[in-house]
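Just so it is clear, none of the values below were taken in a lab; they were calculated from the coordinates. Only a predicted model underlies this, so the values are computations on that prediction, with no experimental measurement involved. So basically every Cβ, Gly included, is an ideal-geometry build from the backbone, and we count neighbours across all protein chains shown.
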Amino acid sequence: MHRSALSSAAGEPAPGSRPHNTPEPVLDADAPGGTAAARTLEEPWPAPRATAPVDATIALPGSKSVTNRALVLAALGSGPGTVRRPLRARDTNLMAAALRALGSGITETPAGDWDVVPGPLRGGTQVDVGLAGTVMRFLPALAAFADGPVLFDGDPRARDRPLGPVVEALRSLGVVVDDGGRGTLPITVHGHGHLRGGEVRLDASASSQFVSALLLAAPRFDHGLVLRHVGSPMPSAPHVAMTVAMLRHAGVSVDDSTPDVWQVSPGPVQGRIWDVEPDLSNAGPFLAAAMLTGGSVTVRDWPVRTTQAGDALRELLTDMGAECTLDERGLTVRGTGRVRGLHADLHDVSELTPVLAAVCALAETPSTIRGVAHIRLHETDRLAALARELNGLGGDVTETEDGLRIKPRPLHGGVFATYDDHRLAHAAAVLGLVVDGVGVENVATTSKTLPDFPGLWHQLLGGAR
């Protein structure tokens, strides 16, 4: 792997793109009123270089995926519920604000938990989804139970993210949805208090969130739901397994014994206490630091059993040469001084692609990542962005139809654009550990799922030995 900054020519920009290292307008997640505002970054965040092997124990905030599902189920509950140790980040704050707008009482306890009191779902309101896929896809089904129209909109880039399968599924259930024929935001859901339910066919080949969106609301349907996925294999299947497991934990009957078919029986969603696990996908950059510096990082409270996709890091990093140990302290990853290339299908765990691609760019042997064509439709086109930004630092990355081919090359410094994508910022920080002069454009975008990432990163490097 490359432990020093070495010069080579940067790749040419893609046709029609801005010149590499030129700041572009980005979105200010903290603009007044929760509305994204355009601004131009003045200075990139200088990714700190590791001068010694890291030796750190990290306590990560809670899982975004678990937090937002727990909030939705609590809002649909038959009685009060509590979300303990929730993630407090942009995506989850947007979910809480949206559910409040729809009529739920959500208050913070002195311990930092969220108490949720379900209320009648109300219309005549607006929901800001920001750039959060869970908010824009989970909540239109809940809005169908409201007593009037609910307008959904968000950041400009949220309007590029697909929503059509959810819209069409709701229409097939009798809900009036205005989307201007776009299949994207903004949309208005005209709630009428209840849904009969029944059988729905849905193409979830672009996002598993389409399935979770219908499943979470299904217990409130008069006759439940039979949902059939049709089309190419669904990506990120562990996230649907998480939804099913959480529904069952709330007393809901779900039959998923037939592949690509989910049958949800109507009935109450129990109000309960939800304990939120650490966000395992957000552990990726911290564990990668152990590999790249030949050090050791422990992520506390790593669950022995979980439906989180990030748990795949244990196997993937082992394949790349790390030593991984799971015990009562958590998950410990130790670097061995060698980083092998990765040849893997990440279809089910695609959110790990950016950080793993960064590690692959620093490995000793070539890598092939496949099965992730759908991440072109995430916060940005992640495949194009990774290829462009890694090549801009001297890398040798080629896009394929469904992934990336990465050949090791000496990397040099430069500004790594993030396109308002938190996981691209994580990837850039990983590169900066061993490459001098990496600047991260709009590192604040990491607040989407990980508050104060720069602070945690400096804390990690403070444990260098």
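Once both labels are positioned 7 Å from their Cα atoms along Cα-to-Cβ, the gap between residue 192 and residue 304 label points is 5.1 nm.
Subtracting the Cα-Cα distance of residue 100 and residue 343 from their residue separation scaled by 0.36 nm leaves 83.0 nm. DSSP beta bridges fully contained in the chain are about 65 percent antiparallel. Projected label points at residue 253 and residue 318, each 7 Å from Cα along the beta carbon direction, are separated by 3.9 nanometres. The label-point distance for residue 270 and residue 84, in a model that sets each label 7 Å from Cα toward Cβ, rounds to 1.5 nm.
Could you tell me the calculated FRET efficiency between residue 126 and residue 377, based on Cβ-Cβ distance and R0 = 25 angstrom, to the nearest 0.05?
0.55
Based on C-alpha pairs under 8 angstrom that are at least 6 apart in sequence, the chain has a relative contact order of 20 percent. When the chain is described by a simple charge dipole with +1 on each Lys and Arg Cβ and -1 on each Asp and Glu Cβ, the residue from 398, 221, 295 located farthest towards its positive end is 295.
Using the Cβ-Cβ distance between residue 261 and residue 329 with R0 set to 60 Å, the FRET efficiency works out to roughly 0.90. Tell me, which longest segment in the chain has none of the GluC sites (Glu not before Pro) that fall in DSSP loops with at most 15 further Cβ atoms within 10 Å? The reported range is 43-327. You can think of it this way: the chain between residue 407 and residue 368 has 13.2 nm of extra reach, that is 0.36 nm per residue less the Cα-Cα gap. In the chain, taking the dipole from charged Cβ atoms about the Cα centre, the farthest positive-side position among 286, 318, 188 is held by 318.
Tell me, what is the FRET efficiency for residue 223 and residue 52 to the nearest 0.05, using R0 = 51 angstrom and their Cβ-Cβ distance as r?
For R0 = 51 Å, the calculated efficiency reads 0.25.
Decide, for the stretch 64-275, between rounded, prolate and oblate: order the square roots of the alpha carbon gyration tensor eigenvalues as a ≥ b ≥ c, take rounded if a/c falls under 1.5, and otherwise choose prolate if a/b is larger than b/c, else oblate. It is rounded, given that a/c, with a ≥ b ≥ c, falls under 1.5. Net charge dipole, the stretch 402-456: roughly 260 debye, given to the nearest 20, about the Cα centre with Cβ charges of +1 for Lys and Arg and -1 for Asp and Glu. Footprinting exposure proxy ranking of 360, 324, fewest other C-beta atoms within 10 angstrom first, gives 324, 360.
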